[in-house]
1. Can you give me the % of accessible surface on the stretch 270-422 that is carbon or sulfur? Probe 1.4 Å, all protein chains present, nothing else counted.
2. Counting Lys and Arg as +1 and Asp and Glu as -1, each charge on the Cβ, what is the dipole of the chain about the Cα centre in debye, to the nearest 20?
3. Give the percent of DSSP beta bridges with both residues in the stretch 236-390 that are antiparallel, rounded to the nearest 5.
4. Quote the FRET efficiency, to the nearest 0.05, computed for Arg112 versus Glu249 with a Förster distance R0 of 35 Å and r equal to the Cβ-Cβ distance.
5. Can you give the extra length, in nm with one decimal, that the chain gains between Thr6 and Met69 once fully stretched, where that is 0.36 nm per residue apart less the Cα-Cα distance?
6. Give the share of C-alpha pairs in each 10 angstrom bin for the stretch 396-454, from 0 to the last occupied bin, in whole percents, shortest bins first.
7. Place the peptides 17-30, 540-553 in order of packing, highest mean first, counting for every residue the other Cβ atoms within 10 Å and averaging per peptide.
8. Which listed residue (Ile31, Leu176, Leu374) has the Cα farthest towards the positive end of the charge dipole for the chain, taking +1 on Lys and Arg C-beta and -1 on Asp and Glu C-beta about the Cα centre?
Amino acid sequence: MTDATTSNFLTGHPYSQRYYDILEKRHGLPIWQVKAEFLNMVHGHQTTVLVGETGVGKTTQIPQFMAEMGYTVNRKIIACTQPRREAAMSVARRVAEEMDVVLGEEVGYSVRFNECSGPKTCVKFLTDGMLLHEAMTDPLLERYSVVILDEVHERTLATDVLFGLLKEILKQRVDLKLVVMSATLEAEKFQGYFVDASLMKVPGRLYPVEIFYTQEPERDYLEAAIRTVVQVHVCEPMGDVLLFLTGEEEIEDACRKITREVAAMGDKVGPIKVLPLYSTLPPQQQQRIFEAAPPPAREGGPAGRKIIISTNIAEASLTIDGIVYVIDPGFTKQKVYNPCIRVESLLVSPISQASAHQRAGRAGRTQPGKCFRLYTESSFKKDLQEQTYPEIMCSNMARTVLQLKKLGIDDAVHFSFMDPPAPESLMRALELLNYLGAIDDDGNLTPVGNIMSEFPLDPQLAKMLVASPEFRCSNEILSIAAMLSSPNVFLRPREAAKAADKAKACFTHKDGDHLTMLNVYHAWKNHNEDPQWCDEHFLNVRSLKWADRVRTQLVRICTSMNLRLVSTPFEDKDYYTNIRKAITAGYFMQVAHLQRSGQYLTVKDNQVVHLHPSTCLDHTPEWTLYQECVLTTKNYIRTCMDIKGEWLVDVAPHYFDLSNFPAGECKRALERLYAKKEKGLC
Ligand code: CDP
Ligand code: MG
């Protein structure tokens, strides 16, 4: 028997001094006040809903409480889901530290394209998407004794689907405990959804936060945000700053500008440490947000300040102590799906009032704070919707429906969704899967669909991969799929835009962006992944490394699914044609046709679209395949490729069935192609 107070109950080793230091801090978290009550509740009910402000200790402490209670015996695992991969990784690291174990051993994480857990792991943080993926091979989630669904207020698509699955699983596994955790107050709704669920609220400790609005609407929120950060630094007393922006480029841009402006002020103002935070930042760099503010430059000089510039992730899923000033421009990137034209895009959109409230709350964690909203008060009241829409209401459901099919849930329409998606979205999803050959006309999963569901990719991308051995180019398609699943590799700093364009031109393939990406990937490999070479060519090293990791994982799945890894010899005249055909096999539903007027119309839906200025296409082909549609001032199609009409009627005659095709130039062109094909056959 080990001494329970001095030996680690997971490893049997004596606790380190650091453990006791952290333990003391942990005891101060509000969640510890209700520990006994919480455990009692879990004991008496299968499902417990726990609500508490960000920072009370839900994510870091609850899995540990459950572990202490013995839920990890018999090699069972406690799972805690996070909607964001970066949160899963960061929290796992913290909990490993708190439990005094090595990350990846007793405490681990599992996120798409990155697994850090092992045979000893008994507390695992994973994205909601990963847990859903695991359910495909372990439908009753039998390796888990406890499932904690965290941050459910974010209402991601995967969390919503997990709700429905777990509701069923709980009926069949009376030994399974479910804990649902949320930062906002839709708690009764969550409680009502599950059978026999208890509800508990943890009182938070939030200091008052004073809210300031702008008098006039800001024309350029990025510029206004930078100005406000600098002003706060110059005029406000000590305390760290948190600025919310929408994405990597914007954040890096703001980091540079703020650093530069403050440096130009010399030692009249305190030193600053500006830290970015977004999903594709490597974990070690993300971890830096927990560092302390810099000390004054000289003794008695003005105090230093930490300035964190973050995406929505800092809104609720990561708690950073010491923030006193929040700057909220009021925007975030949101997924928007239009089922009528099957376009899903990430759009910079206004946040909800609930989000604005959360953001402001970040300023009052350790002392009274201030929140500067870069919009007017009347805009807050009139323009912002009250709650953020659940993702399920505005997503392309194709991947989810494919996953449900794989899980044996045939009737997505009658699945127990907390908020059912629009029937139109489900119909569109079924239709798309049918066109891709993933489900047959009776709605059953086909062998191809079965393989597709193994890939953590959108169905079109998965189909392109599954089809690629047929076109003798799976090696190349793997690289392209990996590049398409990674953040943009091309850097284009404003001050060096010309040089960047010139560098990009070295990789350009005249037939479009997919092949250009392939060239970049090959060139990077040929230069031994040299970071300096990347800098010289304005390529984002991190994106390339990311793509490489993705590729490795995709290769693993291909191998396990017995998909052949083959290439057409580069000297073969069909090298590129084969690749383009394989891409067409996945994306034949995303094609635009050039009209005589010079305009592109999307096939079947007849939407006017324009080639995005970033495209490498050096001509306007009659048929253009595109990866995504972005709506800004115009409808742009981005990541484009020249394809031949013949391929369309070859790979997807069922989709290009002219009997239900809208009349127009596109239909006439297809008629000619069919006629040619007939003749060829005769
Ligand atoms: O989940 P909830 O928002 O309720 O809180 P939490 O994420 O469990 O955070 C509780 C406390 O742990 C925070 O106030 C931080 O002081 C600390 N923490 C940390 O120091 N480093 C992390 N990576 C995460 C949390
Ligand atoms: Mg949390």
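1. 53 percent
2. My answer is approximately 600 debye.
3. Just about 30 percent of them are antiparallel.
4. 0.95
5. Using 0.36 nm per residue and subtracting the Cα-Cα distance, I get 21.0 nm.
6. Over the stretch 396-454, the share of Cα pairs per 10 Å bin runs 25, 60, 14, 0 percent.
7. Top of the packing list down: 540-553, 17-30.
8. Leu374
The values are calculated or read from the model by the stated rules, or taken from the named source; none is laboratory data. Everything numeric here is computed off the predicted structure, so don't read it as measured data. Neighbour counts run over all protein chains shown; Cβ positions are idealised from the backbone, glycine included. When the accessible area is computed, the model is the full protein with side chains, heavy atoms only, and any ligands, DNA or RNA have been set aside. Shrake-Rupley method; radii C 1.70, N 1.55, O 1.52, S 1.80 Å.
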